[in-house]
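The values are calculated or read from the model by the stated rules, or taken from the named source; none is laboratory data. Because the structure is a prediction, the values reported are computed rather than measured. Neighbour counts are summed over all protein chains in view; Cβ atoms, including those assigned to glycine, are modelled from backbone coordinates with ideal geometry. We work out accessible area using only protein heavy atoms, side chains counted, and drop any ligands, DNA or RNA first. Shrake-Rupley method; radii C 1.70, N 1.55, O 1.52, S 1.80 Å.
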Amino acid sequence: MHRPLIYILISLTAGIVVGSYFTVSSCIMLIASTLIVLFVLLSIRKKWITTGFIFLISFIFLLGFFNIQKQNFFLKNEQNVINYIDQGKISIEGIVIEPSISYPDKNVLILQCIRIRQDTSYIPTSGTIRLTIPNNLDFQYGDFVRFRSSLKKINNFQNPGCFNYERFMNLQGIYVSGYIKDSSEIILLRKNAAHIIRLKLESFRIYLKQLIQKNSLSPEKEIIEAMTLGNKNEIPPDVRDIFNKTGISHILSISGLHIGMVGATFFLLIFLILKSSEYLMLKFNIIKLAVTAAFLIIVIYALIAGMGIPVMRATLMAFIFLSALLFGKQNDLYNTLALAGLIILVISPEALFDISFQLSFMSVLAIIFIVPRFSNSLPEKISILPFWIQSIIRYTYLTIIVCIAATIGTLPLIIYYFHRVSCVAIIANIIAVPLLGTLTLAVSMFFILFSFSPVISGFFVQLATFFTQVSITIISKLAALPFSSISLIKPNMIEIAAFYLLIFLVIRLIDEKKKRNIKDEFSPFRFTAIKYLLIFVVLFFAADITYFIFKDKLSSDLQITIIDVGQGNSTLVQFPKGENMLIDGGGFLNCSFDVGKCVVAPFLYKMRISKISTAVLSHPDPDHLLGLIYILNNFKVSQVWKNILHVDSDVYPQWRETIKLNNIKVFLISNKLPPKIINGVRVKVLWPDNNYFKKIKNLSDGDVNNSSVVLKITFGKMSFLIPGDISAAIEKKLIKSGADLKSDVLVVPHHGSNHSSSNEFIKAVACRYAVVSAGESNMFRHPHPSVLQRYRNAGVKIFRTNEDGAVTFKTNGKNLLINTFVRSGY
């Protein structure tokens with residue numbers, strides 16, 4: 001059978017995918033595996049080759065199925081720390097097993113639990129904890145610490161399109177998180193409690209970091225540190241954004257590219273050195289010597305980079321490819337890549353769901369598939385040019401072809417995960433890969449190899465800084481171009497598969513056209529089949545694009561979704577005929593986590609929304625405002641509605657500057673404005689009353705909440721009331737004003753605070769459904785139990801974003817359809 005490893009890899013991948021969604025008891029798995037092994041042995045004895053291979057494929061499928069679920073068996077251990085979730089504050093002792101992860105506002109430790117302290121006794125404990133500590137506390141790998149914290153289950157923001165953070169952490173064996181408020185809750189018991197070799201390595205890494213910081217300036221030092229030590233969290237956000245816009249952010253994360261470039265650079269360098277000696281050429285196979293030396297350099301680089309999971313996967317893949325070269329098996333790169341994928345997924349099945357693995361694997365596959373077919377397509381006329389000019393032309397041409405192939409191979413995944421594609425990616429990669437991926441990285445390796453001498457290593461750091469500075473200058477100019485990058489909607493799996501099929505068919509059609517002059521290889525039937533399949537895929541994309549363009553314009557329903565943004569508010573209103581309104585964007589004060597970027601935007605991309613007709617800021621509190629800033633910067637927003645209130649805060653000037661830079665129209669709204677009809681839907685502003693706020697001189701937090709825009713949205717017989725963070729005092733004023741508050745659906749005021757949702761207000765609204773937007777275990781303890789009881793007493797069905805996830809109401813003006821993300825998983 002031709003390339004059997006490919007079939008085995010597909011079977012293992014299928015088993016991992018199925019096993020990640022379905023669970024089967026270990027007893028059934030054992031019985032099935034035993035039966036399949038027996039059938040395999042019987043097939044071998046009877047020499048049933050095809051049958052035996054089918055049973056072998058089935059066994060590999062079960063291997064993948066079981067392998068992805070192995071963590072579940074460890075969780076059943078009574079000593080696992082997961083059994084202490086939501087038990088209040090407990091004292092835990094454990095060892096820091098990874099270098100501290102630094103963020104601008106916090107540090108994160110990964111700890112292996114050893115025991116729990118209760119009074120004077122200890123209870124042995126197992127499991128891993130993700131512990132968040134203040135950024136002024138510093139702990140190192142190997143520190144044995146005692147801390148006191150409430151343990152929480154790692155949770156997601158439960159919205160369509162949102163990154164499944166819980167699953168991502170669970171696949172790494174981390175199910176529990178904790179939080180430390182200050183130094184009084186954590187103490188260092190002793191240092192150097194981990195493996196001595198790893199401790200020495202981490203000490204050396206700290207020394208290298210100090211050398212980089214001493215001989216380089218920001219942002220060059222952070223980039224060099226990211227590419228050598230693997231710490232990219234300290235790169236300034238504006239620099240990270242420049243790399244994202246130009247499509248070269250992959251250079252900032254150590255992956256297969258870095259491992260490959262280090263291996264290729266030092267292989268070539270060592271090969272040229274060995275080639276200069278006639279004695280060595282006659283005595284040894286210098287290619288194999290160069291391969292061996294290159295791999296040793298790769299191992300050193302992997303160790304210095306921190307031996308993270310992506311680094312170790314890339315190192316393993318490089319080892320397999322170098323081994324193929326070493327043993328003369330480099331001609332069948334497909335089998336080599338399949339073998340690399342097999343070994344990685346057997347050792348680490350969770351890698352299948354890792355973005356870096358997917359991007360690395362698909363880029364290598366695309367390069368293997370595309371580049372050889374076009375590598376010799378240069379015109380023969382260049383042969384009359386001098387040799388050195390021919391070499392430059394061939395290198396430039398090959399670089400362009402490799403960049404195009406890698407871009408094609410990863411394009412659907414980049415759009416799927418990052419919702420953005422760079423229009424200058426090929427140009428930027430042609431510049432950045434040689435400068436940063438080759439020169440800077442090679443010089444940085446010399447800095448590591450000569451680190452015993454601060455003077456010599458300092459020189460190499462300064463040289464690497466120069467190349468990095470040149471790269472940043474060029475990349476910044478590319479990023480400044482108005483067309484440097486565009487935001488795109490999130491493709492579905494069928495569209496991604498169709499794209500790859502389209503590329504495959506185009507390349508195969510080109511192959512078939514080349515074979516027309518070779519009678520033994522050309523098949524008219526195969527050529528015709530490929531041509532018609534290609535036409536079918538093109539027609540599919542034409543129909544798909546047509547459907548996307550017209551589906552919203554032909555929509556006759558109103559859809560309102562209360563998005564799960566944690567402790568905050570954000571509501572998407574989708575009017576008939578495709579017009580959209582976003583009310584608030586959520587957000588966390590003094591936190592590096594951008595709710596707009598990481599929660600609201602992925603939801604909008606999943607809903608295939610790239611344009612927001614109206615963005616509404618109910619009031620300028622961070623948990624309503626901050627997320628909108630990213631939306632205004634990255635979506636086509638036509639206008640902003642807000643109240644007249646201006647608050648002097650750290651975030652409000654940034655809000656105003658964002659509106660100015662994006663040339664967005666601003667409308668100040670109040671209850672004096674007439675209702676606005678949007679495609680048959682009536683939108684009425686019930687609050688604020690501007691005269692009320694003219695009497696207030698010194699605004700309190702309560703006054704800011706009471707300035708919230710209150711909207712009533714009516715479509716046919718169905719009404720929705722969205723009141724922001726108003727208190728009972730404003731509720732009373734609304735009732736007294738005679739405003740028509742009666743609605744079918746109410747977004748509960750102020751996240752269910754006890755200072756809102758008075759009995760009189762609930763009676764006046766007379767809603768059937770109420771939605772509380774609040775974070776899990778939030779510090780304000782919203783929603784208040786007494787508030788929930790008031791709604792229950794009124795016969796109201798309550799939804800909560802922290803329990804139900806995103807809540808969607810869809811109506812044609814007569815009937816109401818309700819969906820929650822947790823219940824339906826839409």
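Once the Cα atoms are used to define both axes, helix 622-634 deviates from the longest principal axis of the chain by about 50 degrees.
Segment 225-257 and segment 161-212 have Cα centres spaced 21 Å apart. Within segment 532-585, none of the chymotrypsin sites (Phe, Trp or Tyr not before Pro) combine a DSSP coil assignment with at most 10 other C-beta atoms in a 10 angstrom radius. The alpha carbons of segment 658-770 give a radius of gyration and a Dmax of 14.8, 45 Å, in that order.
Distance from the C-alpha centroid of segment 544-591 to that of segment 119-151: 41 Å, rounded to the whole angstrom.
Think of each Lys and Arg Cβ as +1 and each Asp and Glu Cβ as -1; about the Cα centre, that makes the dipole of the chain roughly 1560 debye. Here the sum of -39500 (n - 2.57) over DSSP H runs of 4 or more residues, divided by the residues of the chain, equals -15500 deg cm²/dmol at 222 nm, to the nearest 500. With q set to 0.11, 0.17, 0.18, 0.19 Å⁻¹, the log10 of I(q)/I(0) for segment 169-298, from the Debye formula over equal scatterers at the Cα positions, is -0.69, -1.16, -1.19, -1.21.
Taking a Cβ cut-off of under 11 Å around GLY161, the surrounding Lys, Arg, Asp and Glu residues balance to a net charge of +3, with basic ones at +1 and acidic ones at -1. Rg ratio for segment 516-585: its Cα radius of gyration over 2.2 N^0.38 Å, N being its residue count, equals 2.10. Positive contributions from Lys and Arg (+1) and negative ones from Asp and Glu (-1), summed over other residues with Cβ under 15 Å from the Cβ of VAL443, come out at -1.
Summarising the strand pairing of segment 124-268, around 55 percent of its internal DSSP beta bridges are antiparallel.
Spatially, segment 386-409 and segment 420-476 are offset by 20 Å when compared through their Cα centroids.
Taking the DSSP beta bridges with both ends in the chain, the antiparallel portion is around 70 percent. Loop-located trypsin sites (Lys or Arg not before Pro) in segment 76-172 (DSSP state not H, G, I, E or B) with no more than 14 neighbouring Cβ atoms inside 10 Å: LYS76. The apolar share of the surface of the chain, taken as the fraction of accessible area on carbon and sulfur atoms (1.4 Å probe, ligands and nucleic acids excluded), comes to 63 percent. For segment 741-826, the antiparallel share of DSSP beta bridges with both residues in that region comes to about 40%. Using C-alpha pairs under 8 Å with a sequence gap of at least 6, the mean separation divided by the residue count of the chain gives a relative contact order of 9 percent. Max-minus-min Cα coordinates of segment 589-698 on each principal axis give 41, 39, 22 Å, with the largest extent listed first.
With a cut-off of 15 Å between beta carbons, the residues surrounding MET281 carry a summed charge of +2, where Lys and Arg count +1 and Asp and Glu -1.
Treating each Cα of segment 6-59 as one equal point scatterer and applying the Debye formula with no solvent, the log10 of I(q)/I(0) at q = 0.13, 0.15, 0.26 Å⁻¹ comes out as -0.37, -0.48, -1.02. Accessible surface comparison of CYS403, CYS591, probe 1.4 Å, protein chains only, largest first: the order is CYS591, CYS403. Normalised per residue, the accessible area of segment 82-208 is 49 Å², obtained with a 1.4 Å probe and no contribution from ligands, DNA or RNA.
The fraction of all Cα pairs in the chain landing in successive 20 Å bins from 0 to the largest distance is 12, 40, 36, 11, 1, 0, given as whole percents.
For segment 479-559, the relative contact order is 28 percent, taking Cα pairs closer than 8 Å that sit 6 or more residues apart in sequence and dividing their mean separation by the residue count. With respect to the chain, whose longest principal axis is taken over its alpha-carbon atoms, helix 454-479 is tilted by about 60°.
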